[in-house]
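The values are calculated or read from the model by the stated rules, or taken from the named source; none is laboratory data. Keep in mind that what you see is a predicted model, and the values were worked out from it rather than measured. Note that we place each Cβ from the backbone using ideal geometry, even for glycine, and neighbour counts take in every protein chain shown.
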Amino acid sequence: MWFVFALLSAVFAALTSILAKVGIEGVNSNLATAVRTLVVVFMAWGMVFLTGGQGGLSEISRRSWLFLTLSGLATGASWLCYYRALQLGEVSKVVPIDKLSVVFTLVLAFFLLHEKFTAKSALGCLLIGAGTLLMVL
């Protein structure tokens, strides 16, 4: 089931890029990010209440609060940079560079989470990097 959700995530991410490029025309990129974020906040909390998950709020540990907060800050920084890049550049060039996050994530997962980095992972990272260069140049 994780594969279905991952695939849907990719489809929605693609729609996000196209819709954002059209939506930020003539709008300050930071303001556009704030509007998008507000929609995401309402949608996320709506799902929490729809599924009855709000009861778990008090059970979140301090460690989880810290890392979820840091993750939120990283997400915010990513979105602000992404929207500015979309405003300044072509979607067909911004998105491939943004997707280098896959390579960065695998490298960070290896060093910080001690996950396996196999020959297949290394080859995949090289191919993603090469593909990104090919699309951007």
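Across segment 24-70, which residue is nearest to Ser101 (Cα to Cα) among those that are among the hydrophobic types (A, V, I, L, M, F, W, C) and not in a helix (DSSP H, G or I)? Don't jump to the end; show me each part of the working.
Step one: filter segment 24-70 for residues among the hydrophobic types (A, V, I, L, M, F, W, C), giving 24, 27, 31-32, 34-35, 38-45, 47-50, 57, 60, 65-68, 70.
The next check asks that each one be not in a helix (DSSP H, G or I); those that pass are 24, 27, 60.
Numbers: Ile24: 23, Val27: 26, Ile60: 27 Å.
Once the filter is applied, the top-ranked residue is Ile24.
Could you identify the single residue in Val11, Val22, Val39, Val48 that is surrounded by 12 or more Cβ atoms within 10 Å (Cβ to Cβ) and not assigned by TED's automatic domain parsing to the domain that holds Leu133? It would help to see each step written out before you state the result.
Working: Val11 fails: surrounded by 12 or more Cβ atoms within 10 Å (Cβ to Cβ); Val22 fails: surrounded by 12 or more Cβ atoms within 10 Å (Cβ to Cβ); Val39 fails: surrounded by 12 or more Cβ atoms within 10 Å (Cβ to Cβ).
Among Val11, Val22, Val39, Val48, only Val48 is surrounded by 12 or more Cβ atoms within 10 Å (Cβ to Cβ) and not assigned by TED's automatic domain parsing to the domain that holds Leu133.
Exactly one condition in (1) farther than 26 Å from Thr105 by Cβ; (2) of a type outside the set (Gly, Ala, Ser); (3) touching a Lys or Arg at 6+ places or on another chain (Cβ under 9 Å) is not met by Glu25; state its number.
The failed condition is (3).
Could you list, in sequence order, all residues of segment 71-104 that are among the acidic types (Asp, Glu) and in a helix (DSSP H, G or I)? Working first, answer last.
Going residue by residue through segment 71-104, those that are among the acidic types (Asp, Glu) are 90, 98.
Within segment 71-104, Asp98 is the sole residue that qualifies.
Out of all the residues in segment 119-137, is one or more outside any helix (DSSP H, G or I), exposed (fewer than 10 other Cβ atoms within 10 Å of the Cβ) and either under 17 Å from the mean Cα position of the chain (by Cα) or at pLDDT below 95 (or both)?
Looking only at segment 119-137, we keep the residues that are outside any helix (DSSP H, G or I), and these are 137.
Applying the additional criterion that residues be exposed (fewer than 10 other Cβ atoms within 10 Å of the Cβ) yields 137.
Checking which are either under 17 Å from the mean Cα position of the chain (by Cα) or at pLDDT below 95 (or both) leaves us with 137.
Yes; the residues of segment 119-137 include at least one that is outside any helix (DSSP H, G or I), exposed (fewer than 10 other Cβ atoms within 10 Å of the Cβ) and either under 17 Å from the mean Cα position of the chain (by Cα) or at pLDDT below 95 (or both).
Please work out if Leu88 is surrounded by 12 or more Cβ atoms within 10 Å (Cβ to Cβ) and without any contact (Cβ under 8 Å) to a residue 40 or more places away in the chain.
No, not satisfied.
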